[in-house]
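One structure below.
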Amino acid sequence: MRLPSILIFDEAASSLDANTAEQFAQTINMLKGKVTILFITHQIPKGLQVDEAILPGKEENLQSNNPQTTESHSTE
């Protein structure tokens with residue numbers, strides 16, 4: 001099976017407990033640099049490595065030229 005070029009997750013971790021969401025983030029982090037990943041979420045899973053986070057309704061977006069690890073950013 002071939003790796004897709006883009007993965008889209010819509011509220012993928014919203015129903016997960018904190019530990020499971022962190023394990024999910026670690027799994028997704030292994031795909032970093034191999035595929036484009038888009039998360040649509042109210043809560044970025046803790047430990048998820050992101051290049052950019054766009055927070056609707058916020059004047060400033062979290063942007064970085066270097067990957068950063070989330071500690072738990074909320075869009076609410």
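I'm trying to understand the selection: among the residues of the stretch 1-22, which are surrounded by 13 or more Cβ atoms within 10 Å (Cβ to Cβ) and over 18 Å from L55 (Cα atoms)?
L7, L16, A21, E22
Would you please name the residue that is surrounded by the fewest Cβ atoms within 10 Å (Cβ to Cβ), looking only at residues in the stretch 30-68 that are modelled with pLDDT of 80 or more and at positive phi?
The residue in question is G33.
Please pick out the residue among T27, T75 that is modelled with pLDDT under 70 and either within 17 Å of A13 (Cβ to Cβ) or of a type in the set (F, W, Y) (or both). Outline the logic, then answer.
Details: T27 fails: modelled with pLDDT under 70.
The match here is T75.
The values are calculated or read from the model by the stated rules, or taken from the named source; none is laboratory data. Because the structure is predicted, anything quoted here is derived from the model rather than measured. Ideal geometry is used to build each Cβ from the backbone, glycine not excepted, and the neighbour counts take in all protein chains shown.
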